[in-house]
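The values are calculated or read from the model by the stated rules, or taken from the named source; none is laboratory data. Worth saying up front: this structure is predicted, and the values here are computed from it rather than measured. Glycine also receives a Cβ, built like all others from the backbone with ideal geometry; neighbour counts cover every protein chain displayed.
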Amino acid sequence: MISRTVRWGLVALAGFAFLASSTVDSPAMAQDAKAGKVDDKKPVEPKTAEQAVQLGLKAANEGKLDDALVLFQKGVKLDPKHRPSMLFVARVKMVQASAAQGKKQYELYKEAAKGMRELKAAYPKLDPMESQLFATCVYNEACAHSLEKNLDKSIAALKEAFAAGFTEIGQLEEDGDLANVRNHPDFAVLKKELVAKAAEAAKAKIKALLADNKPFPFDFELKNLDGKPVKLADFKGKVTIVDIWGTWCPPCRKEIPHFVELHKKLSDKGFAIVGINYEGGDDEKEDIKKIKAFNKENKVPYECLIGDEKTQKQVKDFQGYPTTLFLDRDGKVRAKLVGYTEMSELEALVSTLLDEAKP
């Protein structure tokens with residue numbers, strides 16, 4: 001599989017340590033440990049589903065995924081509707097699938113999807129984390145069916161995945177695993193429906209985002225890659241995206257094609273983009289070389305500037321890269337997004353600001 005499987009494998013692993021300490025609590029095991037009855041050197045046979053999950057999480061955090069899966073499956077056997085056990089069986093199979101190949105990988109993806117369907121049947125109201133995993137498992141199942149040329153099943157799984165909230169519409173065209181199903185007569189119709197649905201969802205999200213946003217003062221005067229000063233004031237009168245990023249950052253790099261496309265579509269309508277780079281190197285000249293090489297390879301048409309601590313500190317509650325600021329024509333920060341953002345959402349936000357009355 002392509003990088004998608006690795007990414008979702010990491011997502012599936014995330015949170016094991018946190019959940020081991022906060023979500024799953026086994027008083028019986030805690031008492032045994034306090035009394036010195038639990039010997040880490042000896043295998044412990046769980047007596048309850050809660051104990052099985054606790055032991056499974058410990059194994060998972062130690063990288064023993066096969067052992068963890070056995071324990072989570074014991075949890076399901078001890079209590080067929082034990083929610084954490086059911087969830088973690090699917091999560092481990094997702095991670096195992098990302099490391100497998102061929103038929104073994106396909107079967108693991110399908111088993112993970114089956115497990116999440118069983119969880120949803122038992123608990124129809126999934127929480128956000130469960131919903132995300134459900135949609136991802138079913139999407140990967142669709143990829144497996146496509147590779148096996150079970151195209152009707154692949155289409156059905158894709159519909160189910162997007163209905164469940166899988167939002168990465170770009171994957172439909174970019175994912176090599178879906179090459180076979182793209183020739184299915186229902187694929188173009190499905191894609192059109194999903195694009196329209198995503199656009200409407202993005203508009204609703206943007207409306208709420210703008211309503212909840214609390215503007216904060218933001219300004220800069222930084223040098224571009226040729227050493228010339230660039231000010232925020234240079235963009236006055238334009239709706240502007242300020243992309244705070246680094247070439248070393250995978251989600252930052254993934255977002256760049258969206259910005260290139262936005263610039264191409266909207267730059268003649270009063271829209272601009274400026275990148276502020278934080279490369280983290282000790283040699284600014286080397287950092288500039290990296291940025292120039294990246295921009296040339298990816299045909300980045302807009303200015304990139306060398307960021308400084310003063311500029312970054314102005315960003316309220318700065319959390320990481322990429323951080324994308326959306327400024328209106330008056331230069332006010334109207335929205336802030338952290339992390340990778342889909343093209344549909346970026347375009348909806350920019351279009352909304354462009355549609356506002358000019359100053």
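In segment 200-228, what residues are of a type in the set (D, E, K, R) and either touching a Cys at 6+ places or on another chain (Cβ under 9 Å) or assigned to a loop (DSSP other than H, G, I, E, B) (or both)?
Selection gives Lys214, Asp219, Asp226, Lys228.
Just name the residue that is surrounded by the most Cβ atoms within 10 Å (Cβ to Cβ) out of those in segment 303-323 that are at pLDDT 90 or above and closer than 15 Å to Lys214 by Cα.
Val315
Does Leu222 fit the bill of being surrounded by 14 or more Cβ atoms within 10 Å (Cβ to Cβ) and touching a residue at least 40 places away in the same chain (Cβ under 8 Å)?
yes
When you go through (1) surrounded by 12 or more Cβ atoms within 10 Å (Cβ to Cβ); (2) over 19 Å from Thr323 (Cβ atoms) one by one for Val230, which number turns out not to apply?
Only one criterion in (1) surrounded by 12 or more Cβ atoms within 10 Å (Cβ to Cβ); (2) over 19 Å from Thr323 (Cβ atoms) is unmet by Val230, namely (2).
Could you run through segment 306-340 and say how many residues are among the hydroxyl-bearing types (Ser, Thr, Tyr) and over 17 Å from the mean Cα position of the chain (by Cα)?
1
Results for (1) surrounded by fewer than 15 Cβ atoms within 10 Å (Cβ to Cβ); (2) closer than 23 Å to Thr352 by Cβ, shown as yes or no for each residue.
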| site | (1), (2) |
| --- | --- |
| Leu262 | no, yes |
| Lys265 | yes, yes |
| Asp282 | yes, no |
| Lys285 | yes, no |
| Lys296 | yes, no |
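Residue-by-condition table, conditions (1) surrounded by 24 or more Cβ atoms within 10 Å (Cβ to Cβ); (2) of a type outside the set (D, E, K, R):
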site: Ala97; (1), (2): yes, yes
site: Tyr106; (1), (2): no, yes
site: Ala113; (1), (2): yes, yes
site: Ser131; (1), (2): no, yes
site: Ala135; (1), (2): no, yes
site: Glu141; (1), (2): yes, no
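Name the residues in segment 139-194 that are in contact (Cβ under 8 Å) with a residue 60 or more places away in the chain and within 22 Å of Arg117 (Cβ to Cβ), would you?
Once the filter is applied, which keeps residues that are in contact (Cβ under 8 Å) with a residue 60 or more places away in the chain and within 22 Å of Arg117 (Cβ to Cβ), segment 139-194 yields Asn140, Cys143, Thr167, Glu168, Gln171, Asp175, Asp177.
Consider Ser146 against the criteria (1) closer than 29 Å to Lys205 by Cβ; (2) surrounded by 17 or more Cβ atoms within 10 Å (Cβ to Cβ); (3) not aliphatic (A, V, I, L, M): it satisfies all of them except one. Which criterion is unmet?
Ser146 satisfies all of (1) closer than 29 Å to Lys205 by Cβ; (2) surrounded by 17 or more Cβ atoms within 10 Å (Cβ to Cβ); (3) not aliphatic (A, V, I, L, M) except (1).
Thr136 versus (1) over 28 Å from Val44 (Cα atoms); (2) among the polar types (S, T, N, Q); (3) without any contact (Cβ under 8 Å) to a residue 60 or more places away in the chain: which is the lone unmet condition?
The failed condition is (3).
Return the residues of segment 53-69 that are under 17 Å from Ala97 (Cβ atoms) and of a type in the set (A, V, I, L, M); say none if nothing qualifies.
The answer is Ala60, Leu65, Ala68, Leu69.
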